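Chemist: Shown below is the structure under consideration.
The values are calculated or read from the model by the stated rules, or taken from the named source; none is laboratory data. Please read all numbers here as calculations on a predicted model, not as lab measurements. Cβ coordinates were reconstructed from backbone atoms using ideal geometry, including for glycine residues, and neighbour counts include every protein chain displayed.
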Amino acid sequence: MAPKHPKRPRDPNLVGKLIVNLATGETMKIVPAPNNPAAEFARQDGLKGGKAQAEKLTPERRAKIAKDAANSAMAASVTDKLWRNW
């Protein structure tokens, strides 16, 4: 896993302080959260969730999901085009 960066504050003064701290190396070291069994178990299920769901779906159900997604995307693009002309 890549190292995480500190969350950037919204206040301009705090952004400036963060930049100075980064430049001088005074930032706080980010320690990863301890692994607990429940979180590990949930992550394992989450990693295989999409594949397991796709294997269980019938071809008709997959087609319906794809058609609904396409219709939703088309409706969103049409709505977006209408609002741009206002």
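Chemist: Can you name the number of the only condition in (1) part of a helix (DSSP H, G or I); (2) at pLDDT 80 or above that SER77 fails?
Modeler: (2)
Chemist: Of all the residues that make up the stretch 11-25, how many are at pLDDT below 85 and loosely packed, with under 10 Cβ neighbours inside 10 Å?
Modeler: Result for the stretch 11-25: 1.
For (1) at pLDDT below 85; (2) among the acidic types (Asp, Glu); (3) surrounded by 10 or more Cβ atoms within 10 Å (Cβ to Cβ), each residue gets a yes or a no:
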position: PRO6; (1), (2), (3): yes, no, yes
position: ALA38; (1), (2), (3): yes, no, no
position: GLY50; (1), (2), (3): yes, no, no
position: LYS56; (1), (2), (3): no, no, no
position: LEU82; (1), (2), (3): yes, no, no
